[in-house]
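Here's the structure we're looking at; comments come further down.
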Amino acid sequence: MKLLVTGGAGFIGSVVTRMLLDAGHQVVILDDLRTGHREALAPDATHVEASIHDAARVITADAGFDGVLHFAALIAAGESMIKPELYWRNNTVGTLALIDAVRAAGVPRMVFSSTAAVYGNPTELPITENAVKAPTNTYGATKLAVDMALTSEAIAHGLAAVSLRYFNVAGAHLAGDIALGERHDPETHLIPIALDVAAGRREKLQLFGDDYPTVDGTCVRDYIHVADLARAHLLALDAATSGQHRIYNLGNGNGFTNRQVVDVVREVTGHQLPVEVAPRREGDPAELVASSTLAREELGWVPQKPTLHDMVGDAWAFYRTHILGQQ
Ligand SMILES: NC(=O)c1ccc[n+]([C@@H]2O[C@H](COP(=O)([O-])OP(=O)(O)OC[C@H]3O[C@@H](n4cnc5c(N)ncnc54)[C@H](O)[C@@H]3O)[C@@H](O)[C@H]2O)c1
């Protein structure tokens, strides 16, 4: 297939691009590099350095795209509460422009990066796709708005749409000379921050709250390896059906506490990790664990790297070689 990948210079988009190319697809990347990395661009894909707001310039009827995989977004939940207008404009208004272009050019299918943040504080565990959607931050709200727009688009105009709601994505894609990992700036995710501490690049790791009703008092989150997540996108492309908007949660179904993550980072890196317990953060749910039963049943998706050791091990291998420059 000829595919457009938005956000292909970012963490997840670059890994999915690599797998699409390896599977024999042709890929054009649309990424304005506002948070992405030029080095993460696949050399065998075409890169257009432009915003999704200008997608219509690239997605023309003549270009003949068979599908769009849409990763481009701003992703920091905390920042989205301080600069909500930035998130609405980029994540929602930008995506509506992209959907307009997809419709005008007659592109048949679209796969969208949604998020566990659409559920907010869960009323059931594990969280299924039918759970109440009540985002507690603007980031989650901008993604839920897009999910709703895709449902309308499928019903009214026959788009084959799939939203994949990721839980916490971790690890790195390492294959031969390929090494694609997480490099957000500022970093807000626990594992790369813990690796910064292990590498001596940050003084200590803050754990926000240790009085939650969990086994050790710290929050429980569901982690998914980026390579497993990427594979789900290829399955979603195949399963996309005209006139339907399918929605799948992607997680492990296993939660890990923040302290369990810290223990694994200590084990994998061999470094002590100074930890400081800070007050709870507003809106942080005690536990977020996905039910991915639907993705397993309907897409045939089976995670191959489900353990924290898999994820932290690969993230550390990427960190050492590509961030610290060690052999
Ligand atoms: N990382 C996670 O744990 C996680 C969890 C749930 C959902 N998601 C979603 O997955 C997607 C990818 O996340 P990531 O971690 O790879 O983020 P990332 O910041 O590494 O990548 C995002 C990419 O999108 C590009 N981009 C942003 N706005 C753009 C615009 N207007 N026009 C063109 N390009 C633009 C950036 O330059 C960057 O390359 C996002 O949509 C995010 O909301 C991520």
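Each reported figure results from applying straightforward, stated rules to the coordinates on display, with no laboratory input. On a predicted model such as this, the values are computed, not experimentally measured, just so you know. A quick note on method: Cβ atoms are made from the backbone with ideal geometry, for glycine too, and the neighbour counts reach across all protein chains shown.
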Query raised in the report: Helix 138-157 sits at what angle to the longest principal axis of the chain, using alpha carbons and giving 0 to 90 degrees rounded to 10?
Result: 30
Requested in this report: Give the shape of the stretch 138-217 as rounded, prolate or oblate, defined through the alpha-carbon gyration tensor: a ≥ b ≥ c are the square roots of its eigenvalues, a/c under 1.5 means rounded, and otherwise the shape is prolate if a/b is larger than b/c and oblate if not.
Outcome: oblate
Query raised in the report: Rounded to the nearest 0.05, what FRET efficiency is calculated for E203 and A63 with R0 set to 45 Å and r the Cβ-Cβ distance?
Result: 0.35
Report summary line: Scoring only Lys, Arg, Asp and Glu (+1, +1, -1, -1) among other residues with Cβ under 11 Å from the Cβ of I193 yields 0
Report task. Please report how far the C-alpha centroid of the stretch 288-309 lies from that of the stretch 107-170, rounded to the nearest whole angstrom. Result -> 17
Query raised in the report: For the chain, what class follows from the C-alpha gyration tensor (a ≥ b ≥ c being the square roots of its eigenvalues): rounded when a/c is under 1.5, otherwise prolate if a/b is larger than b/c, else oblate?
Result: prolate
Query - Inter-label distance for V48 and S152, nm, one decimal - labels placed 7 Å from Cα along Cα-to-Cβ - result: 2.4
Query raised in the report: Roughly how many debye, to the nearest 20, is the charge dipole of the chain about its Cα centre, given +1 on each Lys and Arg Cβ, -1 on each Asp and Glu Cβ, and no other charges?
Result: 220
Report summary line: In the neighbourhood of D100 defined by beta carbon distances under 13 Å, the net charge of the other residues (Lys, Arg +1; Asp, Glu -1) is 0
Report task. Would you mind checking which residues have amide H under 5 Å from A134's amide H? H placed 1.01 Å from N; only 5 or more apart, or other chain. Result -> Y119, G120
**Report entry** Cross-link table K83/K305; K143/K305; K2/K83; K2/K133, entries beyond 31 Å C-alpha to C-alpha
**Finding:** K83/K305; K2/K83; K2/K133
Query raised in the report: Around F318, with a cut-off of 14 angstrom between Cβ atoms, what is the net charge of the other residues, counting Lys and Arg +1 and Asp and Glu -1?
Result: -3
Query raised in the report: Among V277, V302, V15, which one shows the biggest mean-square fluctuation in a GNM of the chain, springs joining Cα atoms closer than 10 Å?
Result: V277
Report task. For the chain, calculate the relative contact order in percent as a whole number, restricting contacts to Cα pairs under 8 Å that are 6 or more residues apart. Result -> 18
Report task. Enter the angle in degrees (range 0 to 90, nearest 10) between the Cα long axis of helix 94-105 and the first principal axis of the Cα atoms of the chain, meaning the one along which they spread out most. Result -> 30
Requested in this report: For each of D100, D210, D222, count neighbouring Cβ atoms within 10 Å of the residue's Cβ, then give the residues from fewest to most.
Outcome: D100, D210, D222
Query raised in the report: Anyone know which of M19, M148, M110 comes out most mobile in the 10 Å Cα GNM of the chain?
Result: M148
Report summary line: For S163, other-chain or 5+-apart residues with amide H closer than 5 Å (H placed, Pro excluded) are F112, R246, I247, Y248
**Report entry** Förster-model FRET efficiency, 41 Å R0, D100 and Q304, C-beta, rounded to 0.05
**Finding:** 0.65
Requested in this report: Could you list E182, E187 in order of exposure, starting from the residue whose Cβ has the fewest other Cβ atoms within 10 Å?
Outcome: E187, E182
Requested in this report: Report, to the nearest 10°, how far helix 11-22 tilts away from the longest principal axis of the Cα atoms in the chain, using its own Cα long axis and a range of 0 to 90°.
Outcome: 50
